[in-house]
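Here is the structure we will look at, set down as C-alpha cells.
The values are calculated or read from the model by the stated rules, or taken from the named source; none is laboratory data. On a predicted model such as this, the values are computed, not experimentally measured, just so you know. Every residue, glycine among them, receives a Cβ derived from its backbone with ideal geometry; neighbour counts consider all protein chains shown. In case anyone asks, the SASA skips ligands and DNA or RNA and just uses the protein heavy atoms, side chains included. Shrake-Rupley method; radii C 1.70, N 1.55, O 1.52, S 1.80 Å.
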Amino acid sequence: RKEVEQDPGPFNVPEGATVAFNCTYSNSASQSFFWYRQDCRKEPKLLMSVYSSGNEDGRFTAQLNRASQYISLLIRDSKLSDSATYLCVVNRDKLIFGTGTRLQVFP
Amino acid sequence: DVKVTQSSRYLVKRTGEKVFLECVQDMDHENMFWYRQDPGLGLRLIYFSYDVKMKEKGDIPEGYSVSREKKERFSLILESASTNQTSMYLCASTRPQGLNTEAFFGQGTRLTVV
C-alpha cells in the first residue's frame, strides 16, 4: 500500500464546475501537508500548504483531518487553465508524493 | 527568482554507460532531493541530502549513487545505466525540515536508456 494515496482520475469537468480531490496518508508521524500542481511535461509547483484549520486561496480550499489522515482540495468555478495534475504531498522529514490526480476542464 | 537548474532537459544513453545528472540551486538550501517520475507511479525518492557530504537513501536507491561536495550542487549517478532507468528525473531543494517547507524543483531531465 502506498504511503500517500490519491484517485488518479482523470476528472473531466465543465468550466464553472466545482471539483474536489481527496488524499489519504498512512503515517501518523507526517508533519505538514501540501498540494502541488504539475502541468504536462513540467516540474511540480506548490499550489498551497494545508493547515488543520483549513485554508483558502481564491477559488481553492484545502482541508486536513489528522484524525482520519485525510487531505482534500476543493476547486470552485473551474477554469480551463486549472487543467493539470494535482499532487498531494506529506512532509515526514522528507517529502512523500502521491501519484497525482489528473483534472481536465472542458469548455 | 529562486532557481533549481538541472544540467540537461533530454538525455539519451546506452545500456552500461555511467551517467551523471547534475543539479544546482541558488537559494542556499540545505536539503536537496532526487526523484524519478514514472506514469502511474508518481514521484519516487531516490536519494536525499541534508548537508554537504551527507546522503541518505530514499525509497528506490538501487542502481544509483549521489554526490554532494558543495552545498549548491547535488549529483545523481547511474553507475551502469539500464533500460529500466528510463524515466523523468527531478531534483528539488528545500530549507531545513520544518513546518510548511516548500520544495522547489528543477525543470526535469528526461533520460532514455537504449
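Note on the stretch B:47-73: residues that are out of contact with any Asp or Glu (no Cβ under 8 Å at 6 or more places or on another chain) and either among the β-branched types (Val, Ile, Thr) or within 17 Å of B:Thr109 (Cα to Cα) (or both) total 2.
Condition check for B:Val19 on (1) among the aliphatic types (A, V, I, L, M); (2) in contact with a Pro (Cβ under 8 Å, 6 or more places away or on another chain); (3) over 15 Å from A:Leu95 (Cα atoms): one failure, at (2).
Residues considered: B:Val19, B:Val12, B:Val4. Of these, the only one that is more than 14 Å from chain A (Cβ to nearest Cβ), open to solvent by less than 40 Å² (accessible area, probe 1.4 Å) and in contact (Cβ under 8 Å) with a residue 40 or more places away in the chain is B:Val19.
Under 27 Å from A:Ser49 (Cβ atoms), hydroxyl-bearing (Ser, Thr, Tyr) and more than 9 Å from chain A (Cβ to nearest Cβ): which single residue out of B:Ser80, B:Ser49 fits that description? Before the answer, list the steps.
Numbers: B:Ser80 fails: under 27 Å from A:Ser49 (Cβ atoms).
Being under 27 Å from A:Ser49 (Cβ atoms), hydroxyl-bearing (Ser, Thr, Tyr) and more than 9 Å from chain A (Cβ to nearest Cβ) holds for just one of B:Ser80, B:Ser49, which is B:Ser49.
Every condition in (1) more than 14 Å from chain A (Cβ to nearest Cβ); (2) touching a strand residue (DSSP E or B) at 6+ places or on another chain (Cβ under 8 Å) holds for B:Lys70 except the one numbered (2).
Taken over the stretch A:70-107, residues that are under 14 Å from A:Lys45 (Cα atoms) and β-branched (Val, Ile, Thr) amount to 2. For the stretch B:51-78, which positions are open to solvent by less than 90 Å² (accessible area, probe 1.4 Å) and within 15 Å of B:Phe20 (Cβ to Cβ)? Across the stretch B:51-78, the qualifying residues are B:Gly63, B:Tyr64, B:Ser65, B:Val66, B:Ser67, B:Arg68, B:Phe74, B:Ser75, B:Leu76, B:Ile77, B:Leu78.
Summed over the stretch B:22-31, the residues that are open to solvent by 20 Å² or more (accessible area, probe 1.4 Å), closer than 15 Å to B:Ser67 by Cβ and either touching a residue at least 60 places away in the same chain (Cβ under 8 Å) or part of a loop (DSSP other than H, G, I, E, B) (or both) give a count of 1. Within the stretch A:3-26, the residues that satisfy the criterion of being more than 13 Å from A:Cys88 (Cβ to Cβ) and not charged (D, E, K, R) are A:Pro10, A:Phe11, A:Asn12, A:Val13, A:Pro14, A:Gly16, A:Ala17, A:Thr18, A:Val19. It is to be established whether one or more residues within the stretch B:80-100 are hydroxyl-bearing (Ser, Thr, Tyr), modelled with pLDDT under 95 and on the phi < 0 side of the Ramachandran plot. Yes, the stretch B:80-100 contains a residue that is hydroxyl-bearing (Ser, Thr, Tyr), modelled with pLDDT under 95 and on the phi < 0 side of the Ramachandran plot.
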